[in-house]
Amino acid sequence: CPYFTKFSLTIETVHRADNGTSENVHGLNEEQLAARQVEIIDIASAETDYWSYAIGSSSFDFSKFKSTKSGRGPLLDGWQDNYRPVMTAYKLVTIDAPYWGFGYRLEQALLAGERALFIESHRNCFGWIDEWFGLTMQQIRELEQQGDCLLNEKISKPVLLTDAADCEQRFTHSSERQ
């Protein structure tokens, strides 16, 4: 956008097999650590806000959910300390909107939107565990390609394979082999 040439947003992710107790996984310097705001996101929490409605909100009740394939769940109070294995996705979101008068508000709105997006996507990842648990890396890559095709079709971008029909044909035959 020609009006926001100085705007930047970066998201860096580090995954650790812990319950959120690692310190400074992004290797920030002292100045960055002092400016950092840490937010704990609990995928089992049912809290919602404006952005939850804007992004969408899944209907999973993790206090009653139990995966049939992995045996994980339900996620009750204190689940982060009581379940193994647990993975934490450490997200570092950096937003710079150096625009006088509204830059700070834009940054805060974007941070809130990113937070809601992280909650929803990680809730879905756990809630859909029986759909992906036990898949091979090749099967996961095929699912990613299928998702890319569907997304490109929805936003009317050219599909990388050849076209939407090729995409559908390729993944129909792929799922029949399973």
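The values are calculated or read from the model by the stated rules, or taken from the named source; none is laboratory data. Note that the structure is a prediction, hence the values are computed from the model and not measured. Here the Cβ positions follow ideal geometry from the backbone for every residue, glycine too, while neighbour counts run over all protein chains shown. Heavy atoms of the whole protein, side chains included, go into the accessibility calculation; ligands, DNA and RNA do not. Shrake-Rupley method; radii C 1.70, N 1.55, O 1.52, S 1.80 Å.
Some notes on this structure:
- Rounded to whole Hz, the Karplus (6.51, -1.76, 1.60) HN-Hα couplings of the stretch 103-110, x for glycine and proline: x, 4, 5, 4, 4, 5, 5, 5
- Magnitude of the charge dipole for the stretch 50-112, about its Cα centre and with charges confined to Cβ atoms of Lys, Arg (+1) and Asp, Glu (-1), is about 360 debye.
- Sulfur and carbon atoms: percent of accessible area, the stretch 8-134 [1.4 Å]: 54 percent
- Using heavy atoms of the protein chains and a probe of 1.4 Å, the accessible area assigned to residue 38 is about 100 Å².
- Residue order for 79, 132, 100 - accessible surface, 1.4 angstrom probe, largest first: 100, 132, 79
- Distance between the C-alpha centres of the stretch 89-122 and the stretch 1-49: 9 Å, rounded to the whole angstrom.
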